[in-house]
Amino acid sequence: MSVFKDARGQHVNSYYAATIGDAPEYPTLHEDIEAQVCIVGGGFAGMSAAIELAENGVKVVLLEAVKMGWAASGRNGGQIIGDWRYGYDQLQKQFGTDTAKMFATFSEEGKNIIYDRAQKFNIDPDFKKGYLAVAMNKSHTAHFDDYLAQAEKWNYPHKRRIISQQDIKQYVNSEAYIGGVLDEGNGHFHPLKMAIGEARAAASLGVRIFEHSPVIKIEGGDEPTVATAHGKVKAKQVIIAGNCYLEKAAPALEKKIMPAGTYVIATEPLGEARAQSLIPQGQAVCDMRHILDYFRITKDQRLLFGGKTIYSGKDPKDIGKVMFKDMLKVFPQLAGVKIDYAWGGHIDLAVNRMPHMGEYQENVTFVQGFSGHGVVATHIAGRVLAEKAMGNSERFNVWNQIKHHTFPGGTLLRKPGYLAGSSLFYMRDKWDALKG
Ligand SMILES: Cc1cc2nc3c(=O)[nH]c(=O)nc-3n(C[C@H](O)[C@H](O)[C@H](O)COP(=O)(O)OP(=O)(O)OC[C@H]3O[C@@H](n4cnc5c(N)ncnc54)[C@H](O)[C@@H]3O)c2cc1C
């Protein structure tokens, strides 16, 4: 696939890749081998499944097309955010109270996997607790009471509180916001440090990792096989966790998601005082629009600012310039600051924006569709897929109840259709802004 060839076996040039130190190299698959479980994809979802399985004594092979953490898992905004696109009330209404409770548990469990695993395997990914969802207009603040009520109703175990218009600048020093909801249970981290740490952890547990090994064919059955150009893996079970890069390796999955580009910049180091003047308490911040900005301060005091959602498949010609303009709308005081890194990545949007888990073929399962909100969700999804591979389908079946539609028009026409849809989101954001 050309996107893998274009990568030239390297992580993208990002702030993250520049600050991970040494990343181990794993070999390319050049032979036919066997495993109990073969995993396709070395992002958070695939690695999480691999670690769970290996911790339970299962022999695992993981095939990654480029490098561990090469795609979304190693490029994202680093925001560790729980919850789902469907609210728990909606899940309760559609699937019953037990399912709603299960998803509330998944969310917290996903976060705990990240923190527990970092501690257990000595991974230091610059964790910082605290998250702020900021409002730009009244249609956003109208949801505040509901956030608090939902947290109470579904026993959210962390503090969540409203920040008034009067106080918001103590948290984000910008004229763009009129309030927010502070959540002490979410936070942020350096995702590529986490990904590299998890790859090391998996390898230390005996997982055989192969990089630079794009999978070209997956065949389910009694003994499913996974083929790359230079070797094959025969397994008892296969788990597919390839985000939006699988294409012909799993064509039926492609129709259920829409790849979209989102982009990030990192400023030069601002120094502690200046960085603190922007986000005085250092939380991760997201605004509440459909097409939103997300930002945070890094350990070395840069502003890392992300946003945009582009469906055309074409990245902006100059990501740094486009994102700098957006950053100045929030922090005009940063005019003149140098941008050291600019990069982008793809998110796998599902029609309903819920992660999609299911059975692809006999003895082959998959997860995809994290829809730009996958740092926590991938970690719990990996665990649930591992449970299924080890013969316990209970939580898999709960997840699998959520129905997923194919994008209208399939892979050919989904883009024009979605472009129309995204213009609608854009117009809704504009309309909310106009109403004030
Ligand atoms: C710029 C950006 C910002 C984001 N910000 C946030 C955020 O702040 N918070 C949040 O919660 N989420 C965020 N997300 C979303 C989040 O990063 C993803 O949902 C999550 O990392 C997806 O993990 P994954 O394991 O499913 O996929 P990926 O990390 O994309 O990994 C899939 C892997 O599979 C491999 N692969 C695919 N096809 C094949 C094949 N045929 N053979 C072998 N290997 C294959 C790919 O090379 C890739 O490494 C962001 C995403 C992007 C792109």
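Quick notes on this one:
- Matching residues in the range 358-377 - criterion: being within 11 Å of the ligand (Cβ to nearest atom) and either of a type in the set (A, V, I, L, M, F, W, C) or open to solvent by 10 Å² or more (accessible area, probe 1.4 Å) (or both): F366, V367, F370, S371, G372, H373, G374, V375, V376, A377
Yes/no per residue for (1) at pLDDT below 95; (2) among the hydrophobic types (A, V, I, L, M, F, W, C); (3) open to solvent by less than 10 Å² (accessible area, probe 1.4 Å):
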residue: M102; (1), (2), (3): no, yes, no
residue: S107; (1), (2), (3): no, no, yes
residue: K120; (1), (2), (3): no, no, no
residue: I123; (1), (2), (3): no, yes, no
residue: P157; (1), (2), (3): no, no, no
residue: Q166; (1), (2), (3): no, no, no
residue: Q170; (1), (2), (3): no, no, no
residue: S174; (1), (2), (3): no, no, yes
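- Residue list for the range 385-408, restricted to those being of a type in the set (V, I, T) and either open to solvent by 40 Å² or more (accessible area, probe 1.4 Å) or touching a strand residue (DSSP E or B) at 6+ places or on another chain (Cβ under 7 Å) (or both): T406
- Looking only at the range 302-323, and only at residues there that are open to solvent by 50 Å² or more (accessible area, probe 1.4 Å) and either small (G, A, S) or closer than 17 Å to D287 by Cα (or both), the one that is farthest from the chain's Cα centre (by Cα): S312
- Single condition F370 does not satisfy, out of (1) at pLDDT 95 or above; (2) in a helix (DSSP H, G or I); (3) not aliphatic (A, V, I, L, M): (2)
- If the condition is being within 14 Å of the ligand (Cβ to nearest atom), acidic (D, E) and either more than 22 Å from the chain's Cα centre (by Cα) or not in a helix (DSSP H, G or I) (or both), then the range 181-216 contributes D183, E211.
- Note on the range 266-352: enclosed strands (runs of 3 or more DSSP E) holding 1 or more residues that are within 20 Å of G78 (Cβ to Cβ), within 15 Å of the ligand (Cβ to nearest atom) and of a type in the set (D, E) are 284-287, 339-350.
The values are calculated or read from the model by the stated rules, or taken from the named source; none is laboratory data. Quick caveat: nothing in here was measured; it's all calculated off a predicted structure. Using ideal geometry, Cβ is built from the backbone for each residue, glycine included, and neighbour counts are taken over all protein chains shown. Surface areas here come from the heavy atoms of the whole protein model, side chains and all, with no ligands, DNA or RNA. Shrake-Rupley method; radii C 1.70, N 1.55, O 1.52, S 1.80 Å.
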